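**Q** One structure, pasted below without further comment.
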Amino acid sequence: MIEDPAYTVEPWGIRETHLDLERLAQSESVFAQSNGHIGVRGTLDEGEPSALPGTYLNALWEARPLPYAEAGFGYPEAGETVVNMTNGKIIRLLVDDSPFDIRYGKLHEHERQIDFRSGILRRTALWESPTGITVRVTSERLVSFCQRAVMAIRYTVEPTAAATRVVVQSELVTNEPRPAASQDPRAAAALEAPLEAEEYRGNTSHAVLVHSTKESRLRAGAAMGHEIEGPEDASWHADAWEDLGRLTVNATPGPGDPLTITKFVAYGWSARRSVPAIRDQVGAALAEAQHTGWDELVAAQRTYLDDFWRRADVELDGDAELQQAVRFALFHALQASARGEGRAIPAKGLTGPGYDGHTFWDTEAYVLPMLCYAVPEAAAEALKWRLATIEKARDRAKELGLCGAAFPWRTISGDECGAYWPAGTAAFHINADIAQAVCRYCDINVDPDFERDTGLPLLVETARLWRSLGHHDAHGAFRIDGVTGPDEYSAVADNNVYTNLLAQKNLDAAADFAERFVEAAEGLGVDHEEIASWRDAAKAMTIPYDEDLGVHPQAENFTKHARWDFERTPADHYPLLLHYPYFDLYRKQVVKQADLVMAMMVRGDAFTAAEKARNFAYYEPLTVRDSSLSACVQAVLAAETGHLELAYDYLGEAALMDLDDLEHNSRDGLHIASLAGTWIAAVCGFGGLRDMDGTLRFSPRLPERLDRIAFRLGFRGSRIMVEVTGQGTRYSLLDGDPVRFHHFDQEVELGADDLTFGPAPPPEPPPEPVAQPRHRVPLRRRPSR
């Protein structure tokens, strides 16, 4: 957990027992709420103090220039940055003319809690004004999973001693001031007042604001309505201006006679709809929310989350802190994706502006594995969004002189926004990551319409890219040269093993789908000759191997580079990218994040057990984990190669990435891929799950510091539970038809009766000791029970 006594360890939520202004930005991310369509940071109701206010609509962005010291052909010309949308969270309070502001007066009590089972952020404060009047303020806030355009807040103020005059101002605020831009390249570009007003209205207890972005010309609206309960003397009215809508409530609440305001806020945006259409869209969503009412919204939220936890929960016995962190991770992975519906899943979700709100390969490689098993409809929507951008990807491929589709390294709309070529456009593996996600979704779920209508075109166009990007050399080997793999401290290398192995699977999968859906494939222009060329390229794919060292170089000649001088690198010089030039990193053996190790996780069928052990031992001392994407992958291979205690430490690092602010940038939003990767570390690491080629395989092993792990998986219409302890493993069929799978090397069928197996066999070969770079040893976990 965050190393602060203000936060408690509990299984189903995060509770902050006092307010620490030094951690305000981080807490705003931790307490963020989203449903994949709208997202709000966990700022205080009264709006101030705040560190990084933010309200986001998925894919609402503004264009900005991408400056280059020297332009080049094929460089992206414009960037995209997520817009801070109209803030509907603000509810200001004046107590006998004193503004409720925790920096003034006396704050006797303050507590906030986000509940993973209800999805509600609750806050209570006992505050004494500078004039000596004490009031208790409580609020509850939710972003609805069931009505995706809606946020709702219930706000109550009650004086503790005597009836007191209060004024409550509930607001919609557009173009909030932003803090100065950070020099950290992982942070967002600052946009000053990106929205311009097109319509504003206020009457009785409602207000609506419609704005558009100045450059991208996207139109967005926000509407609010209220229900007021309390003293008989309560009165109210609403007004609106270009960037402000306000409801003002005057009342005299007293002990036992509180003032309660329930606020409903609806959001929407469009690239095509008119001002009246947007106004009516958010008005209709608001009307439906008010018709449903607060109590029913709360009940529906609980029902939705109960169903999610039945499908997705991961139970850990023996480490209460890690159990909390794992559920925190799963909850935020759900929030980032649940109701995206035709939009991307950004790297920070909708919890902050980090990375400008872009989506990367993180979605397909880290977030979709969990979603495919637990929330398959969200996984399918994310891949359908990729298909919706395929024309832009085809255009990009043509611009680069290639066939097929070149999907962007980073984007919001589907256009490439990566200004740094070696770590952007050259990272072509994004295309194979998409293909890998398609294959996984189709293997795990029965969805023939998706396979034909979405999977086939994605696989075909990415296979065409690989066939044109690579070539057969004079010896017939198929090579993919000049690309960047997952490790961003190496760039523009030949035959990156991760890229080549995933491209190989991409090519074979495209051929399989084309032969299965012949008519649809012919509609895409696929013929027998093209299918044969994909098969030939896959069969002849170059996979480098260093015979002298007995390991796979992550790309050709990587193992011949000089090693980075870890002994002379100070601890405060990590991440290296902020302290050393890329040209030096590129020519040394230093790994930012798992690359060859990740290839062994996703294409484990291409390596022997002995090769995995040698490769893991070779790359562990080179991998500095300057990316939040690394620890979860290293956890999986550490577990597979017998380093169970190291895997446990890496699981802790992935799960606590944001709760412990390990990268020192959680203020900009949560690391959604690392959080989703917590599921990968737990289920694929200690559960030993592998799902290559549509067959489930389990090799479960537990570290000594954990007593038990249990998790659930949906597979082809059935649902199973896997429970692992030191005494063995039990498999249970929860719903659906019998499921066949492998437990280690034994093929079994799970039906109505549980299957139970004894302790796991020891790993082969036995693990040899491994080391990490100096200053980069993962924190040793001390289980909290």
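The values are calculated or read from the model by the stated rules, or taken from the named source; none is laboratory data. The shown structure was predicted, so the numbers you read here are calculated from the model rather than taken from an experiment. All Cβ positions, glycine included, derive from the backbone under ideal geometry; neighbour counts span all protein chains shown. What goes into the accessible areas is simple: the full protein's heavy atoms, side chains included, and nothing from ligands, DNA or RNA. Shrake-Rupley method; radii C 1.70, N 1.55, O 1.52, S 1.80 Å.
**Q** How high is the relative contact order of region 546-654, in percent, with contacts defined as C-alpha pairs under 8 Å that are six or more residues apart?
**A** For region 546-654, the relative contact order is 26 percent.
**Q** Okay, next question. Before anything else, pin down the relative contact order of the chain: Cα pairs under 8 Å, at least 6 apart, normalised by residue count, whole percent.
**A** 12
**Q** Given Cβ point charges of +1 (Lys, Arg) and -1 (Asp, Glu) and nothing else, what value in debye, to the nearest 20, does the dipole of the chain about its Cα centre take?
**A** The calculation lands at about 280 debye.
**Q** Which of the peptides 31-44, 416-429 is most tightly packed, and how do the rest follow, going by the mean number of other Cβ atoms within 10 Å of each residue?
**A** Those peptides, ordered most packed to least, come out 31-44, 416-429.
**Q** Might you report the magnitude of the Cβ-based charge dipole of region 231-355 about its Cα centre, with Lys and Arg at +1 and Asp and Glu at -1, to the nearest 20 debye?
**A** Charge dipole, region 231-355, about its Cα centre: 720 debye, nearest 20.
**Q** While we're looking at this one, here's another question. What accessible area per residue comes out for the chain, rounded to a whole number of Å², with a 1.4 Å probe?
**A** 36
**Q** Right, here's the next one. Between region 630-672 and region 732-764, how many Å separate their Cα centres?
**A** Result: 28 Å between the Cα centres.
**Q** Please report, as a whole percent, how much of the solvent-accessible surface of region 1-114 comes from carbon and sulfur atoms (probe radius 1.4 Å).
**A** Here it works out to 50 percent.
**Q** Also, quick follow-up: Fully extended, how many nm does the chain gain between GLU768 and TRP241 (0.36 nm per residue separation, minus their Cα-Cα distance)?
**A** Full extension from GLU768 to TRP241 adds 182.9 nm.
**Q** Note down the net charge around ARG396, summing +1 for each Lys or Arg and -1 for each Asp or Glu among other residues with Cβ under 15 Å from its Cβ.
**A** Result for the neighbourhood of ARG396: -2.
**Q** With respect to the cross-link table entries LYS214/LYS398; LYS348/LYS505; LYS539/LYS612; LYS398/LYS588, which display a Cα-Cα separation exceeding 27 Å?
**A** Pairs exceeding the cut-off: LYS214/LYS398; LYS348/LYS505; LYS398/LYS588.
**Q** Here is a follow-up. Looking at the square roots a ≥ b ≥ c of the eigenvalues of the Cα gyration tensor of region 545-612, which shape do they give, rounded for a/c under 1.5, prolate if a/b is larger than b/c, or oblate?
**A** It is prolate, given that a/c is not under 1.5 and a/b is the larger ratio.
**Q** If the chain between HIS561 and LEU524 were fully stretched, how many nm would it gain, using 0.36 nm times the residue separation less the Cα-Cα distance?
**A** 9.0 nm
**Q** About its Cα centre, how strong a charge dipole does region 404-494 have in debye, to the nearest 20, once Lys and Arg get +1 and Asp and Glu get -1 at the Cβ?
**A** Dipole of region 404-494, to the nearest 20 debye: 160 debye.
**Q** For ARG112, what charge total do you get from the other residues with a beta carbon under 9 Å from its beta carbon, if Lys and Arg give +1 and Asp and Glu give -1?
**A** Once all neighbours under 9 Å are counted, the net charge is +1.
**Q** Please report the Cα spread of the chain along all three principal axes, rounded to whole Å, starting with the longest.
**A** 87, 58, 57
**Q** Of all the accessible heavy-atom surface of region 643-785, with the other protein chains kept in place and a 1.4 Å probe, what percent is carbon and sulfur?
**A** That share works out to 47 percent.
**Q** For region 24-86 and region 486-559, compute the distance between their C-alpha centroids and round to whole Å.
**A** Region 24-86 and region 486-559 have Cα centres separated by 36 Å.
**Q** Moving to a separate point now. Where Lys and Arg each count +1 and Asp and Glu each count -1, what net charge lies around ASP96 among other residues with Cβ under 13 Å from its Cβ?
**A** Net local charge, ASP96 excluded: -1.
**Q** Within 10 Å, count the other beta carbons around each residue, average over each peptide in 65-71, 405-411, 245-251, and list them highest first.
**A** Averaged packing, sorted descending, gives the order 405-411, 245-251, 65-71.
**Q** Along the charge dipole of the chain, pointing to its positive end and built from +1/-1 on Cβ of Lys, Arg, Asp and Glu, which listed residue (LEU734, ALA594, PRO575) has its Cα farthest out?
**A** So the residue furthest toward the plus end is PRO575.
**Q** With 24 Å as the cut-off, how large is the P(r) tail for region 561-656, expressed as percent of Cα-Cα pairs?
**A** 24
**Q** To continue, here is another question. Among 107-113, 670-676, 598-604, how do they line up from the highest to the lowest mean number of other beta-carbon atoms within 10 Å?
**A** 670-676, 598-604, 107-113
**Q** In degrees between 0 and 90, to the nearest 10, how far off the longest principal axis of the chain does helix 456-469 point, with axes built from Cα atoms?
**A** For 456-469 against the chain, the angle is about 60 degrees.
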